[in-house]
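**Q** Structure provided below as structure tokens; questions to follow.
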Amino acid sequence: MKPNMKNLVKQAAADLNGARHVVALTGAGISVESGIPPFRGKGGLWEKIDPMEFAHIDAFLQDPAKVWRVLIKEMKDVVDRARPNPAHLGLVRLEELGLLKATITQNVDGLHQMAGSSDVIEFHGNFAWQRCMDCQNRTETRSLDLTRIPPRCRCGGIYRPECIFFGEMIPPQHLSRSQSLAAQCDVMLVVGTSATVEPAAYMPVLSKQTGSKVIEINAAKTPLTDSVSDYLIKGQAGDIIGMIVAEVEKIRSA
Ligand SMILES: [Zn+2]
């Protein structure tokens, strides 16, 4: 470990240990180690398919079978196989230690819940569940039978994932809850997101404005790094969160 990184990990552990109310904001970067490629950027799904043609609500309503075949089926394959990685588990440990109060995520993979996080606010909904568009019956994506596409509920209605499509609104209650968490916390952990897309982008800014520390854990510098974050710990989320948790536990047991 580089001496600089070691110091930053110690600093983060001390900041977390002294905090009363920690909130995490996570994005695609935290799930990469679980085998889920980010939608945006190099190698992402949006490089292969046009989101406006396959991920817009109008496209889905017009031709659900097409969107199921091209987009949702592929996502299901990836998400079905994914398991929480040390970064998700580290956040659960911070919750067990009484530090982390809630996790706001831009991800739809459900891995925070699978890891055991108890309070997760999902801006974009959750892909792990499907809802019948007619009777609202819910079923787990993992257990859905795809021999017929689009998959249908017993009532004949078509299933759709419980995440939002382009052109759909972020549930207002998720937005307002996130804003109050961002304003309340005294440390915000930003993990695996460059937070360039609203409304996630606003959360660290709001935290900073209300006097909290913003600790960034990302693979590279982001627009937050030199403007909003107190410091960036650069590297893989799983490694870094693991080191921070170990350091917090050391402080606690001393
Ligand atoms: Zn139904």
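The values are calculated or read from the model by the stated rules, or taken from the named source; none is laboratory data. Note that the structure is a prediction, hence the values are computed from the model and not measured. Virtual Cβ from ideal backbone geometry, glycine too; neighbours counted across all protein chains shown. In case anyone asks, the SASA skips ligands and DNA or RNA and just uses the protein heavy atoms, side chains included. Shrake-Rupley method; radii C 1.70, N 1.55, O 1.52, S 1.80 Å.
**Q** Please report the carbon-and-sulfur percent of the accessible area for the range 19-77; probe 1.4 Å, protein heavy atoms only, DNA, RNA and ligands left out.
**A** 53 percent
**Q** Treating only the Cβ atoms of Lys and Arg (+1) and Asp and Glu (-1) as charged, compute the dipole magnitude of the range 1-132 about its Cα centre; round to the nearest 20 debye.
**A** My answer is approximately 440 debye.
**Q** Give me the number: length gained by fully extending MET169 to ARG83, i.e. 0.36 nm times residue separation minus the C-alpha to C-alpha distance, one decimal in nm.
**A** On the way: separation 86, 0.36 × 86 = 30.96 nm, distance 2.80 nm.
Stretched fully, the MET169-ARG83 segment lengthens by 28.2 nm.
**Q** Compare the Cα positions of PRO84, LEU144, ALA128 along the charge dipole of the range 67-168 (+1 at Cβ of Lys, Arg; -1 at Cβ of Asp, Glu; about the Cα centre) and return the one farthest towards the positive end.
**A** LEU144
**Q** What dipole magnitude, in Debye to the nearest 20, does the chain give about its Cα centre under +1 on Lys/Arg Cβ and -1 on Asp/Glu Cβ?
**A** Using only the charged Cβ atoms, the result is roughly 360 debye.
**Q** Going by average Cβ density within 10 Å per residue, which order do the peptides 38-46, 65-73 take, highest to lowest?
**A** Taking the mean over residues of other Cβ atoms within 10 Å, the ranking is 65-73, 38-46.
**Q** Rounded, prolate or oblate for the range 1-149? Axes are the square roots of the Cα gyration tensor eigenvalues, ordered a ≥ b ≥ c, and the cut-off for rounded is a/c under 1.5.
**A** In terms of gyration-tensor shape, prolate.
**Q** Please report the relative contact order for the chain, taking Cα pairs under 8 Å with a sequence separation of at least 6, and give it as a percent rounded to a whole number.
**A** The normalised contact order for the chain reaches 25 percent.
**Q** On to the next question. Distance cut-off 24 Å, Cα to Cα: go down the list LYS48/LYS221; LYS76/LYS221; LYS208/LYS250; LYS73/LYS101; LYS10/LYS234; LYS76/LYS234 and report the pairs above it. Please list the in-between numbers first.
**A** Values: LYS48/LYS221 26 Å; LYS76/LYS221 31 Å; LYS208/LYS250 28 Å; LYS73/LYS101 34 Å; LYS10/LYS234 14 Å; LYS76/LYS234 30 Å.
From the list (LYS48/LYS221; LYS76/LYS221; LYS208/LYS250; LYS73/LYS101; LYS10/LYS234; LYS76/LYS234), the Cα-Cα distance tops 24 Å for LYS48/LYS221; LYS76/LYS221; LYS208/LYS250; LYS73/LYS101; LYS76/LYS234.
**Q** Then there's this: Loop only by DSSP, 13 or fewer other Cβ within 10 Å of the Cβ. Give me the chymotrypsin sites (Phe, Trp or Tyr not before Pro) in the range 77-171 that pass, ordered by residue number.
**A** In loop regions of the range 77-171 (DSSP not H, G, I, E or B), there are no sparsely surrounded chymotrypsin sites (Phe, Trp or Tyr not before Pro).
**Q** How much area per residue is accessible in the chain when the probe is 1.4 Å and only protein heavy atoms are counted (Å²)?
**A** Ligands and nucleic acids excluded, the figure is 47 Å² per residue.
**Q** In whole percent, how big is the carbon plus sulfur part of the accessible area of the range 141-236, probe 1.4 Å, protein atoms only?
**A** 52 percent
**Q** Please report, in debye to the nearest 20, how large the charge dipole of the range 139-234 is about its Cα centre when each Lys and Arg carries +1 at its beta carbon and each Asp and Glu carries -1 there.
**A** 320 debye
**Q** Continuing with this model, one more query. Work out, step by step, the length gained on full extension between LYS73 and LEU144: first 0.36 nm times the residue separation, then minus their alpha carbon distance; give nm to one decimal.
**A** Gain on extension, LYS73 to LEU144, equals 24.5 nm.
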